[in-house]
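S.K.: One structure, pasted below without further comment.
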Amino acid sequence: MKKTLISAALAVSVVGMVGCGEPEKVGIDPKIYTDSLFAVMKADRTNYTKLVVARLGPGGSNVVKPDEHWEEYENGTLLPAQMFRAGAEAVAELTDDFTYSLQSIWPINKQNAPKTPVEKAGLEYIAANPGDNYYGEETLGDTTYFTAVYPDVAVSEACTSCHNEHKDSPKDDFALGEVMGGVVIRVPLN
């Protein structure tokens, strides 16, 4: 059973007086909600990449080896994108108040390609407009969503070398500080 932990923490309602003294619940704006979620995700992803993976280097160490096939090694650990996906999957088990994923218009793993027109438009927009975010609405099934796309930037040489040298990478000239993909956060509006 999914819990609404995030809505309790972030989407705290404010009670105000309207008209004839009737209380009105006003929730947090979806843009503020997704911007706040992204800030946490970006900090965690950047810190994991810089403080763990980059320090271990491409070959890893005798103690821990970051690798795409980490489960095959006794001392393997997830790459930053895999850690991000693991977090998204764990959050999905706790709440349905939002979802998030790491996607790219140049995905190494095809499951990280955009699946909806809004995802594709957002990823193309942030790639063409470094530093900007993309916000839109989309209806999937019977639910309308606020969908936000944030740039995922190469924060370490570990990012660029892994992507540039990977046999399945459709792009092999990423540079430090460049947009490599995006974080897609989706919040149901109805």
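S.K.: Of all residues in the stretch 160-177 being farther than 20 Å from Gln111 by Cβ and of a type outside the set (Asp, Glu), which is surrounded by the most Cβ atoms within 10 Å (Cβ to Cβ)?
M.R.: Thr160
Residue by residue, here is whether (1) closer than 27 Å to Leu176 by Cβ; (2) modelled with pLDDT under 80; (3) crowded, with 18+ Cβ neighbours inside 10 Å; (4) not charged (D, E, K, R) holds:
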position: Asn47; (1), (2), (3), (4): yes, yes, no, yes
position: Lys50; (1), (2), (3), (4): yes, yes, no, no
position: Asn62; (1), (2), (3), (4): no, yes, no, yes
position: Glu72; (1), (2), (3), (4): no, yes, no, no
position: Leu78; (1), (2), (3), (4): yes, yes, yes, yes
position: Phe84; (1), (2), (3), (4): yes, no, yes, yes
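S.K.: Being under 30 Å from Pro188 (Cβ atoms), surrounded by 13 or more Cβ atoms within 10 Å (Cβ to Cβ), modelled with pLDDT of 95 or more and more than 15 Å from the chain's Cα centre (by Cα) narrows it down to one of Ala128, Ala121, so name that one.
M.R.: The match here is Ala121.
S.K.: Quick one: would you say Asp35 is modelled with pLDDT under 85 and within 14 Å of the chain's Cα centre (by Cα)?
M.R.: When the stated conditions are applied, Asp35 does not pass them.
S.K.: Taking Thr143 and the conditions (1) under 17 Å from Tyr33 (Cβ atoms); (2) out of contact with any helix residue (DSSP H, G or I) (no Cβ under 9 Å at 6 or more places or on another chain); (3) surrounded by 14 or more Cβ atoms within 10 Å (Cβ to Cβ), which numbered condition does it fall short on, given that it satisfies the others?
M.R.: (3)
S.K.: Still on this structure: Would you confirm, using the coordinates I've provided, whether Tyr134 is at pLDDT 95 or above, buried (at least 22 other Cβ atoms within 10 Å of the Cβ), of a type outside the set (Gly, Ala, Ser) and closer than 13 Å to Gly181 by Cβ?
M.R.: In short, no.
S.K.: If you don't mind, another one. Return the residue satisfying two criteria in turn: it lies in the stretch 133-190 and is touching a His at 6+ places or on another chain (Cβ under 9 Å) and free of Cβ contacts under 8 Å to residues at least 40 places away in the same chain, and of such residues it is farthest from Ala88 (Cα to Cα).
M.R.: Asp172
The values are calculated or read from the model by the stated rules, or taken from the named source; none is laboratory data. Please read all numbers here as calculations on a predicted model, not as lab measurements. We place every Cβ from the backbone using ideal geometry, glycine too, and count neighbours over all the protein chains shown.
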